[in-house]
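Heads up, the thing below is written out as structure tokens.
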Amino acid sequence: MRFIVTFVWAFLLTQMINFILNSLNGGGPLYPMIGVLFAVLITAVVFFLDMVMKPDPNYVKDEN
């Protein structure tokens, strides 16, 4: 569920950034697929970081 929410927010924010940058550049054609690709990339990075940052359950801290 959290990755779906991450994708939705990433999609909305990248579309907003895409629109603003397009408007600042003179208002040419708007390509919404760029926002979709960035949203997928951001979601993949968040998913990867979630996998990498989970603590190892078999790790025993050596207390000397």
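The values are calculated or read from the model by the stated rules, or taken from the named source; none is laboratory data. This is a predicted model, so every value here is computed, not measured. Quick reminder, even Gly has a Cβ in these numbers, built from the backbone with ideal geometry, and neighbours come from all protein chains shown. Please note that ligands, DNA and RNA were not included when accessible areas were found on the heavy atoms of the full protein model with its side chains. Shrake-Rupley method; radii C 1.70, N 1.55, O 1.52, S 1.80 Å.
Summary table below
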item	result
Hits in the stretch 3-27 - residues which are touching a Pro at 6+ places or on another chain (Cβ under 8 Å) and either among the aromatic types (Phe, Trp, Tyr) or open to solvent by 80 Å² or more (accessible area, probe 1.4 Å) (or both)	none
Matching residues in the stretch 11-63 - criterion: being more than 19 Å from residue 1 (Cβ to Cβ) and of a type in the set (Phe, Trp, Tyr)	19, 31, 38, 59
Residue within the stretch 49-63 that is touching a residue at least 12 places away in the same chain (Cβ under 8 Å) and either of a type in the set (Phe, Trp, Tyr) or in contact with an Asp or Glu (Cβ under 9 Å, 6 or more places away or on another chain) (or both) present	no
Residues being loosely packed, with under 11 Cβ neighbours inside 10 Å and outside any helix (DSSP H, G or I) - total across the stretch 28-64	13
Residue pairs meeting the criteria (Cβ under 8 Å; at least 6 apart or on separate chains; first in contact (Cβ under 8 Å) with a residue 12 or more places away in the chain, in the stretch 1-29; second in a loop (DSSP other than H, G, I, E, B))	18/30; 18/31
